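The values are calculated or read from the model by the stated rules, or taken from the named source; none is laboratory data. On a predicted model such as this, the values are computed, not experimentally measured, just so you know. Note that each Cβ is placed from the backbone with ideal geometry, even for glycine, and that neighbours are counted across all protein chains shown. Note: areas computed on protein heavy atoms with side chains; ligands, DNA, RNA excluded. Shrake-Rupley method; radii C 1.70, N 1.55, O 1.52, S 1.80 Å.
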Amino acid sequence: MDHFLYRDGVLHAEDVPLAEIAASVGTPFYVYSTATLVRHFRLFDEALAGMDHLVCYAMKAASNQAILKTLAAEGAGMDVVSAGEYLRARAAGVPGDRIVFSGVGKTAQEIRIALDGGVRQFNVESEPEMEAISAIAASMGVVAPITIRVNPDVDARTHAKIATGKSENKFGIPIARARDVYAHAARLPGLDVIGIDVHIGSQLTDLAPFEAAYAKVAELTGVLRADGHDIRRLDLGGGLGIPYTRGNEPPPLPSDYGDLIRRCVGHLGCEIEIEPGRLIVGNAGLLVSQVIYVKSGEDRDFLILDAAMNDLIRPAMYEAHHDIVPVVEPDAGADQHAFDIVGPVCETGDTFARHRMMPPVGPGDLVAFRSAGAYGAVMASEYNSRPLVPEVLVKGDKFAVIRRRPTFDEMINRDTIPEWL
Ligand SMILES: *Cc1c(COP(=O)(O)O)cnc(C)c1O
């Protein structure tokens, strides 16, 4: 459920007509709904009620400070994967002890920044990383809390580029080696080994892979405790999928996911963390764009938009589907026409949809990409020297630009010319 609905014939973000934002900000732009963000966070928080838990928002999905502050005010922790994300979370007012540091290639500088500012735990992904964290912590006179990310070798049944829990993926340590690796960690002076971490992939639309992974984590908890490790926290990752196509079978609800967690690991007496990203912000954001031209081709018609793959790369990168709807509500029963919907970038990959049935739209009309809140603005670039797409946050009848569009001069002047030119 989201808060983007037609009212009086115009698509609104909560109580604000999108045409009003477009007139003020220009297109393309991302717009987020506070009510939707908060609602989705609370669904997870409530799903884990009764268990000692923290929902750590995986901020790589959308990392604007205003989004982080909105979620932090609800009690969210953050899952970060770089020093930049760590510092962004801190700048948004999130205390270090609510920040989990994930990622397969943390550098010495990143480890130092997190230890210096405080961190809830590092989710460690390899033995060399474990040794590096221990050495850095010891040199700073501190002890680093860690979990170790195990790779449970389950098939998440999602797009290959976002599956992470198979033994062929670069993530975590093989679960079969866990006892050795935990024994190694326990011998290192700079570490406090507090738990187990697992994250099997993104956009999962079925609970079975989670169940398979969490059953392995529960079993491993017993084994490691018997080996003398004080396993007291389980980080169960993120990955619950969202409905990208209206009318399709919807993915499982956070409440079903919470019940599964309770069933698989609730009896272990561990503190539970989860790291959802996409489900919190995905349906809380739209990308709004304007039609520039309608072009008739040999065997198809093209809708050419002012948004492109540099603004929203998911269709080009993951063959992702986004529903694309006109901002002015079409008449019920309006004729539908098939278009290839494309951007202006000089690549055939800059195609948002093929043979998409659309109601009548023409040059100057606004269209909205639904479910664009996650992995949208954060993956945007200035490819083709198109200034970075701005972001807007709506709350009730108010809206604010939370990242403005750079001017052409700002974009150009980021380059510097060597003295010999
Ligand atoms: C990307 C990622 C997440 C979030 O995944 P979603 O599918 O957005 O919920 C959580 N944890 C880790 C370690 C990740 O890499």
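Judged by the ratio a/c of the largest to the smallest principal axis of the C-alpha gyration tensor, the range 35-112 counts as prolate, that ratio being 1.5 or greater while a/b is larger than b/c. Computed over the range 277-401, the range of Cα coordinates on each principal axis works out to 40, 35, 24 Å, biggest value leading. Simple rule: put +1 on each Lys or Arg Cβ and -1 on each Asp or Glu Cβ in the chain, find the dipole, and look at 124, 22, 384; the Cα lying farthest toward the positive end is 124. Just the protein heavy atoms count here, and of the accessible area of the chain at 1.4 Å, carbon and sulfur take up 52 percent.
Contact order, relative form, for the chain: 19 percent (alpha carbon pairs under 8 Å, 6 or more residues apart, mean separation divided by residue count). In this structure, the amide hydrogen of residue 339, modeled 1.01 Å from its nitrogen in the peptide plane, lies closer than 5 angstrom to those of 355, 356, 357, 358, counting only residues at least 5 positions away or on a different chain.
Counting only Cβ charges, +1 for Lys and Arg and -1 for Asp and Glu, the dipole size of the range 172-311 around its Cα centre is about 360 debye. Between residue 197 and 148, 149, 150, 235, the built amide H atoms are under 5 Å apart, and every one of these is 5 or more places off in sequence or on another chain.
Once Rg and the Kirkwood radius are both taken over the C-alpha atoms of the range 169-227, their ratio Rg/Rh works out to 1.01. Counting lysine pairs in the range 34-280 that sit 8 or more residues apart in sequence, or on different chains, and whose Cα atoms lie under 25 Å apart gives 13. In sequence order, the range 329-338 has phi-based couplings of 4, x, 4, 4, x, 4, 4, 9, 9, 7 Hz under the Karplus curve 6.51 cos²θ - 1.76 cosθ + 1.60, θ = phi - 60°, and Gly or Pro positions carry x. Which of the helices in the chain, when you take each full DSSP H run, stretch at least 18 Å along the axis at their Cα atoms and have an average Kyte-Doolittle score of -1.0 or higher? Once both thresholds are applied, what remains is 34-47, 127-140, 208-226. Summing Cβ point charges (Lys, Arg +1; Asp, Glu -1) relative to the Cα centre of the chain gives a dipole of roughly 700 debye. Computed from Cα atoms alone, the Kirkwood hydrodynamic radius reported for the chain is 22.8 Å.
Note on the chain: with a GNM built from Cα contacts shorter than 10 Å, the maximum mean-square fluctuation among 406, 28, 390 falls on 406. With every protein chain in place and a 1.4 angstrom probe, the accessible-area ranking of 271, 20, 391, 249, largest first, reads 249, 20, 271, 391.
For the range 1-151, the solvent-accessible area with a 1.4 angstrom probe is 35 square angstrom per residue.
Heavy-atom accessible area with a 1.4 Å probe sorts 389, 142, largest first, into 142, 389.
Antiparallel beta bridges, as assigned by DSSP with both residues in the chain, represent about 50 percent of the total such bridges.
Relative protection proxy for 250-260, 346-356, from highest mean packing down: 250-260, 346-356 (other beta-carbon atoms within 10 angstrom). Short to long, the 10 Å bins of the Cα pair-distance histogram for the range 34-280 hold 8, 34, 38, 18, 2, 0 percent of all pairs. Distance distribution P(r), the range 1-139, all Cα-Cα pairs, bin width 5 angstrom from 0: 2, 9, 17, 16, 15, 13, 11, 7, 5, 3, 2, 1, 0 percent. Residue 375 contributes about 20 Å² of solvent-accessible surface, heavy atoms of the protein only, 1.4 Å probe. Seen from every direction in turn and averaged, the convex hull around the alpha carbons of the range 284-345 projects onto 5.4 nm².
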